[in-house]
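Read the structure below first, then the notes.
The values are calculated or read from the model by the stated rules, or taken from the named source; none is laboratory data. Just so it is clear, the structure is predicted and the values come from calculations on it, not from any experiment. A quick note on method: Cβ atoms are made from the backbone with ideal geometry, for glycine too, and the neighbour counts reach across all protein chains shown. We work out accessible area using only protein heavy atoms, side chains counted, and drop any ligands, DNA or RNA first. Shrake-Rupley method; radii C 1.70, N 1.55, O 1.52, S 1.80 Å.
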Amino acid sequence: MRGAAELPPFFRQGVMAEGFDNKPARMNVMPCSVERREDGPVLIRRCPCHGSADIVGPSEADGYFVVPRGVGRVEKGQAVRFFLP
């Protein structure tokens with residue numbers, strides 16, 4: 001890797017624009033839209049997705065955010081890690 005300090009995907013920090021319930025039994029990587037604002041943090045919004053077979057919902061995503069295992073609820077304003085493809 002020729003001395004690379006970090007390998008893709010390159011994670012960034014954002015905050016959720018909305019709260020939602022999550023299945024805590026596993027880590028989830030969810031498609032999202034990313035809204036960059038000059039006056040505040042990057043806002044993350046979930047894109048509609050109906051499971052791993054859904055190819056339409058994620059096609060409108062800017063990136064993906066991660067919900068760690070054990071998290072049953074993500075709150076509006078909560079910090080999340082996301083990456084852009």
(request) List the trypsin sites (Lys or Arg not before Pro) within the stretch 1-60 that fall in a DSSP loop (any state other than H, G, I, E or B) and whose Cβ has at most 15 other Cβ atoms within 10 Å. (result) Arg2, Arg26, Arg36, Arg37
(message) For the full complex of protein chains and a 1.4 angstrom probe, list Asp54, Asp21 by accessible area with the highest value first.
(response) Asp21, Asp54
(request) Quick one: net charge around Ala17, please, counting Lys, Arg +1 and Asp, Glu -1 for every other residue with C-beta under 12 Å from its C-beta. (result) +1
(request) Can you sort Ser33, Ser52 by 1.4 Å-probe accessible area, starting with the largest? (result) Ser52, Ser33
(request) Give, to the nearest whole percent, the P(r) tail of the chain beyond 22 angstrom, counting all Cα pairs. (result) 28
(request) Heavy atoms only, probe 1.4 angstrom, no DNA, RNA or ligands counted: give me Phe11, Phe20 ranked by accessible area, highest first. (result) Phe11, Phe20
(message) If I take R0 = 22 Å and measure r between the Cβ atoms of Val56 and Asp21 in this structure, what FRET efficiency does the formula 1/(1 + (r/R0)^6) give, to the nearest 0.05?
(response) 0.45
(request) Using 0.36 nm per residue of separation minus the Cα-Cα distance, give me the extension gain between Arg12 and Lys76 in nm, one decimal. (result) 21.3 nm
